[in-house]
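The values are calculated or read from the model by the stated rules, or taken from the named source; none is laboratory data. Since the structure is predicted, the reported quantities are computational estimates derived from the model, not experimental observations. So basically every Cβ, Gly included, is an ideal-geometry build from the backbone, and we count neighbours across all protein chains shown. We work out accessible area using only protein heavy atoms, side chains counted, and drop any ligands, DNA or RNA first. Shrake-Rupley method; radii C 1.70, N 1.55, O 1.52, S 1.80 Å.
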Amino acid sequence: QKGWVPMEKSEIPFLSAAALGDLIRTRQVSPVEATEAYLDRIEKLDGTLRSYVTVAREQALAAAKASDILRAAGLSRSLVEGLPMSVKNLHDIAGYITLGGSAVLKDAEPAEQNATIVERLLRAGAILIGSTNMTEFAFSGLGINPHYGTPRSVWGRDNARIPGGSSSGAGVAVAQGMSVFSIGPATGDSI
C-alpha cells in the first residue's frame, strides 16, 4: 500500500498498544499488516494455548481495510484506530454466541447486537479479532475451563500451568502476542 513503511510482521505482536498506535499513526505499519500479524499468531499458537473461543478473521480484516482507507485519507476516529483487540467471551458480539465459558450456552442464539463496550471500541476504530476464553460464568479466579480448555499460562506453558483470573484467555492472548489489548472486566480478579 502506497505510503506505508514496511516493518517485519513478526515483530508487530510484541509491541505495546501505545507503540503500535504510534507506528500506525506515523504510517510505518498499516492496520491490515497489524491485524494479519495477530491473526497469524493466533493461527500458529492458539491450538495449544486455548486463548480464543471465537476468531473473527474475515470481519477483522474487513475492518482493518476500512481503517487503512481512513488513515490513507488522513483521518482517524481515535487513538485506538487500527489496533487489533480481543474481548472476553462474556460480552456480546453481534452474530456470535456469547458462551460465558459454559457448555450450557453452546446452543444459544447468537447475539443480535454488540455489548456497549464492544460497540464503542468498534466505533472508535479498534479491530475486533475475536473473543477470548474464560472461566465458566466468571466465577473463578483460577482461569480454568473444563468445557473449552484451560488457557496455558505464559509462565511454564509447556507444563500447562493455569493462568489465573476469570479472563484467563484475555491475559494469555495479550501476553503471547495474539491481541494488542483485550477487554476482560473484573468480577473479582479478572486478568
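Per residue, how much accessible surface does the stretch 1-112 expose to a 1.4 Å probe? Answer in Å², no decimals.
Counting only protein heavy atoms, the per-residue value for the stretch 1-112 is 51 Å².
So how do T26, T132, T98 rank on accessible area, 1.4 Å probe, biggest first, that is with the largest at the start?
T26, T98, T132
How many nm is it between the label spots at A19 and I117, if each spot is 7 Å from the Cα in line with the beta carbon?
Distance between label points: 2.5 nm.
Please give the net charge around E8, taking every other residue with its beta carbon less than 13 angstrom from that of E8, where Lys and Arg add +1 and Asp and Glu add -1.
Local charge sum for E8: -3.
If DNA, RNA and ligands are ignored and the probe is 1.4 Å, what is the ranking of R161, R123, R152, R57 by accessible area, most exposed first?
Highest to lowest solvent-accessible surface, that is R123, R161, R57, R152.
Calculate one ³J(HN,Hα) per residue across the stretch 143-148 by plugging θ = phi - 60° into the Karplus curve 6.51 cos²θ - 1.76 cosθ + 1.60, and present them in order as whole Hz with x for glycine and proline.
Per residue, the Karplus-derived 3J(HN,Hα) values read x, 8, 8, x, 8, 10 Hz.
At 20 angstrom or more along the helix axis (alpha-carbon based) and mean Kyte-Doolittle of -1.0 or higher, what helices does the chain contain? Whole DSSP H runs only.
Taking the DSSP H segments of the chain (at least 20 Å long, mean hydropathy at least -1.0), we get 31-49, 57-72.
Measure off 7 Å from each Cα along the Cα-to-Cβ vector at A103 and R27, then give the distance between these two points in nanometres to one decimal.
5.3
Hey, can you grab everything whose amide H is under 5 Å from the amide H of T54? Only 5+ residues off in sequence or another chain; H modelled, so Pro and N-termini drop out.
Placed amide hydrogens put S131 under 5 Å from T54.
Sorting K44, K88, K65 by accessible area (1.4 Å probe), largest first, what list results?
K44, K65, K88
What FRET efficiency comes out for F137 versus A160 if R0 is 22 angstrom and r is the Cβ-Cβ distance? Round to the nearest 0.05.
Using R0 = 22 Å, I get an efficiency of 0.45.
Give me, ordered by chain and number, the residues 5 or more places off L128 or on other chains with an amide H under 5 Å from its own placed amide H.
For L128, the qualifying residues are M85.
Under a 5 Å amide H to amide H cut-off, with H placed in plane at 1.01 Å, what residues pair with A111 once short-range neighbours are removed?
Distant-sequence amide H within range of A111: I93, G95, Y96, I97, T98.
Calculate one ³J(HN,Hα) per residue across the stretch 126-137 by plugging θ = phi - 60° into the Karplus curve 6.51 cos²θ - 1.76 cosθ + 1.60, and present them in order as whole Hz with x for glycine and proline.
5, 9, 7, 9, x, 10, 9, 5, 7, 6, 4, 6
Under a straight-distance cross-link criterion of Cα-Cα below 14 Å, which aspartates and glutamates are reachable from K65, leaving out those fewer than 8 residues away in the same chain?
Correct list for K65: E33, E36, E81.
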